[in-house]
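Working notes for the structure below.
The values are calculated or read from the model by the stated rules, or taken from the named source; none is laboratory data. Keep in mind that this is a model prediction, so the values were computed, not measured. Counting neighbours? That spans all protein chains shown, and the Cβs are built from the backbone with ideal geometry, glycine included.
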Amino acid sequence: MLQDIRDKSQGIVVKIIVGFIVVTFALFGVDALVTGFTTSDTVAEVDGTEIKREELLQTAEMQRRQLIAMMGTQINPALLDDNLLQRRALEELIQRALLTNNAEKLNLSVSDEQVTRYLLEAEQFQIDGQFNSARYFEFIRSLGYTPLSFKDRVKQDLLLQQPRNVFANANFVLDSEVDLVSKLQNQQRTYEYVRLSLAEETEKTNITETEVEDYFAANRKNFIKPEQVKLDYIILSSVDFQEKVTITDDELRTAYNNAIATESPEERLASHILIETGEDRSANEALVLAEELKQQLDTGVEFAELAKEYSDDLGSKADGGSLGYVTPGMMVEEFEETLFSMAEGQISDVIETEFGYHIIELKEIASTDAPSYESMEAELRQTLLENKARQAMIGAQEDILDLAYASDDLTAIATEYNAEILQSDWFGRQGGDELISQNSQVVTAAFSSELLEENLNSDLIELNEEQIAIVHKNDYQPEEEKTLVEARDEIFQILLQEKALQSLTAQAESIKENPAAVKDWQVVEAANRGNDEITTLSFDLAHPQAEPTIAIKSLQDGDLVVLKLNQVIEGEISSDEIQRDYIKRYLSQSNTELLTNAHQQVLQSLADIDR
């Protein structure tokens with residue numbers, strides 16, 4: 001199931017849902033988390049606007065799907081904690097309510113035409129640069145939306161982005177600002193430096209056993225072994241069930257007939273007019289409109305003209321309702337049943353589907369040649385084998401669970417299904433390095449009270465579409481303080497680093513106080529910004545006045561560097577239009593972010609928020 005969610009959500013969910021609200025998400029933050037929830041149906045109020053528990057749960061579930069889609073089995077189980085998800089969801093809903101209330105006060109609005117244009121231009125719904133209805137409908141179905149409810153969500157998101165758009169459109173960048181940034185970017189610096197190696201100093205540093213013992217005595221509570229668990233586990237794969245199933249000739253023939261039916265010996269060139277239902281149009285009103293359009297078609301009015309004017313299908317409307325060539329499986333059942341029962345040139349009566357009311361025009365029926373049985377037999381046999389094995393595994397799950405519940409360990413399951421009992425390495429609540437301990441469901445089960453306290457087998461854990469697992473506690477180590485022996489190496493390294501760094505710092509301070517005493521300064525002339533790590537640090541120093549500016553800086557590898565900035569060479573104003581345009585866009589975006597964040601903070605400070 002998780003794989004199915006990922007397949008349907010990957011990319012599109014992240015780009016569309018997160019993309020629609022990325023601006024407002026950026027403003028929300030997740031630090032202001034609530035402390036708990038009541039049992040009331042209303043979980044919060046923002047200036048009298050109620051946030052219902054149903055909204056909260058729906059938003060939390062959406063966040064859960066997004067996280068799983070983005071991270072898959074690598075996700076930290078802590079991120080899927082219900083309380084954490086609900087707290088984040090509540091904060092999001094509160095911020096959306098703030099922005100919505102503000103939009104209403106400002107009489108802001110978004111037209112249906114704006115929503116349509118936005119969706120038509122969304123790359124995630126396009127194939128070869130053209131809006132694709134099938135991709136659009138598949139996406140909104142996977143998220144549990146109807147076409148109208150999805151449009152309503154998009155309309156609200158576009159509405160909430162309007163204040164940011166105002167800030168962006170009102171924001172301007174002066175040429176003098178671009179000149180200043182350009183000069184700073186092109187600035188050069190001449191400096192000298194002495195680098196002091198931490199690694200070399202460490203080799204010369206000695207640590208005594210007494211120092212280790214004293215450090216441990218003073219800091220023993222800092223040396224903790226986190227709780228860990230070791231698992232026994234069994235993985236059952238659909239492949240394990242292939243020997244338990246057989247494929248008959250009749251099944252192969254049926255599969256062949258179904259396959260060529262799916263591939264379709266024909267495809268049909270069709271157009272349609274869709275009339276949706278929703279808050280702005282009742283089902284009865286939609287039906288009446290559809291029937292009126294059908295009457296006009298019966299009198300000879302052009303199908304394409306009515307589709308362009310009245311159809312609610314974003315993808316086909318501009319093209320006169322054209323759906324292109326349709327084969328079985330592309331459309332919902334009611335639509336296909338009608339389409340594939342029609343004669344060429346026929347216009348259907350009004351039909352109803354989950355998307356609304358349709359009128360279909362069949363323009364052409366094109367035949368295709370089906371592949372032979374012999375050419376498909378091997379592929380069909382393998383597909384049937386895999387499918388039947390998967391179904392056999394699914395069918396066996398109840399028996400597997402019965403064995404798991406009735407057993408004190410995994411032996412009975414291993415014996416019944418000829419499976420090997422495997423053993424994991426030790427791992428903590430953050431998971432381990434093995435595939436089994438990287439699975440978030442496995443980690444959650446491993447530290448559950450059922451396994452740790454009651455010593456039970458876990459429920460079935462779906463690793464992917466082809467594999468399930470059952471885990472059992474092999475051993476458990478609670479959190480405990482380390483002994484001196486266990487902590488010695490760690491303490492030794494801590495003390496080694498501390499003493500070596502203290503020595504280096506003393507040397508660096510001595511050089512800073514008396515730079516003339518050092519003869520091996522490394523000289524760098526007219527260095528450009530960002531050349532290397534040391535040059536980057538030199539750009540942090542204040543301009544030298546009568547004397548060079550001297551400072552001690554730390555490098556990423558732990559070394560210390562004494563920098564002596566001798567000269568700052570002012571940069572020239574760039575005449576490169578590409579570079580200047582980049583600077584202007586960067587400054588504009590930065591200013592927009594500052595204004596948007598300030599606006600959000602003002603709204604929150606003035607609002608009456610009851611969590």
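Does any residue of segment 401-413 turn out to be loosely packed, with under 14 Cβ neighbours inside 10 Å, among the small types (Gly, Ala, Ser) and under 21 Å from Leu80 (Cα atoms)? Checked segment 401-413: no residue is loosely packed, with under 14 Cβ neighbours inside 10 Å, among the small types (Gly, Ala, Ser) and under 21 Å from Leu80 (Cα atoms). From the list Ser440, Ser448, the one residue that fits, being surrounded by 12 or more Cβ atoms within 10 Å (Cβ to Cβ), in the same structural domain as Leu403 (by TED's automatic domain parsing) and free of Cβ contacts under 8 Å to residues at least 12 places away in the same chain, is Ser448.
Filter the helices (runs of 4 or more DSSP H) completely within segment 302-370 down to those with at least 3 residues that are without any contact (Cβ under 8 Å) to a residue 60 or more places away in the chain and either surrounded by 21 or more Cβ atoms within 10 Å (Cβ to Cβ) or not assigned by TED's automatic domain parsing to the domain that holds Arg117 (or both).
Numbers: elements: 303-310, 314-317, 333-339.
Counting at least 3 such residues, we get 303-310, 333-339.
Test of understanding: among Gln86, Gln63, Gln95, which residue is part of a helix (DSSP H, G or I), at pLDDT below 85 and outside the structural domain of Ile436 (by TED's automatic domain parsing)? One residue alone meets the criteria, Gln63. Contact annotation: residue pairs with Cβ atoms under 7 Å, 6 or more positions apart or on different chains, pairing a residue in segment 518-533 that is without any contact (Cβ under 8 Å) to a residue 24 or more places away in the chain with a partner that is surrounded by fewer than 14 Cβ atoms within 10 Å (Cβ to Cβ), are Gly530/Thr536; Glu533/Gln556.
Could you please give the count of residues in segment 144-153 that are out of contact with any Phe, Trp or Tyr (no Cβ under 6 Å at 6 or more places or on another chain) and either under 12 Å from Phe355 (Cβ atoms) or buried (at least 19 other Cβ atoms within 10 Å of the Cβ) (or both)? Write out each step before concluding.
Initial filter on segment 144-153 (out of contact with any Phe, Trp or Tyr (no Cβ under 6 Å at 6 or more places or on another chain)): 144-146, 148-153.
Applying the additional criterion that residues be either under 12 Å from Phe355 (Cβ atoms) or buried (at least 19 other Cβ atoms within 10 Å of the Cβ) (or both) yields 145-146, 148-151.
Result for segment 144-153: 6.
Condition first: in the same structural domain as Glu203 (by TED's automatic domain parsing), surrounded by 13 or more Cβ atoms within 10 Å (Cβ to Cβ), part of a helix (DSSP H, G or I) and in contact with a strand residue (DSSP E or B) (Cβ under 8 Å, 6 or more places away or on another chain). Can you find one or more residues in segment 514-526 that meet it?
So in segment 514-526, the residues in the same structural domain as Glu203 (by TED's automatic domain parsing) come out as 514-526.
So of that shortlist, the ones also surrounded by 13 or more Cβ atoms within 10 Å (Cβ to Cβ) come out as 515, 518, 521, 524.
Next, from what is left, pick out any that are part of a helix (DSSP H, G or I): 515.
Right, trim to in contact with a strand residue (DSSP E or B) (Cβ under 8 Å, 6 or more places away or on another chain) and you get 515.
Within segment 514-526, one or more residues are in the same structural domain as Glu203 (by TED's automatic domain parsing), surrounded by 13 or more Cβ atoms within 10 Å (Cβ to Cβ), part of a helix (DSSP H, G or I) and in contact with a strand residue (DSSP E or B) (Cβ under 8 Å, 6 or more places away or on another chain).
For segment 200-238: of the residues being of a type in the set (Gly, Ala, Ser) and in contact (Cβ under 8 Å) with a residue 12 or more places away in the chain, which is nearest to Phe492 (Cα to Cα)? Looking at the filtered set, the residue picked out is Ser237.
One line per residue, one yes/no per condition, for (1) part of a strand (DSSP E or B); (2) in contact (Cβ under 8 Å) with a residue 60 or more places away in the chain; (3) charged (D, E, K, R); (4) not assigned by TED's automatic domain parsing to the domain that holds Gln438:
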site: Glu251; (1), (2), (3), (4): no, yes, yes, yes
site: Ala255; (1), (2), (3), (4): no, yes, no, yes
site: Ala259; (1), (2), (3), (4): no, yes, no, yes
site: Glu285; (1), (2), (3), (4): no, no, yes, yes
site: Ala290; (1), (2), (3), (4): no, yes, no, yes
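State all residues of segment 527-566 that are part of a strand (DSSP E or B) and under 16 Å from Arg195 (Cβ atoms); if no residue qualifies, say none.
Residues of segment 527-566 part of a strand (DSSP E or B): 527-528, 549-554, 560-566.
Scanning segment 527-566 gives Ala527, Ile550, Ala551, Ile552, Lys553, Ser554, Leu560, Val561, Val562, Leu563, Lys564, Leu565.
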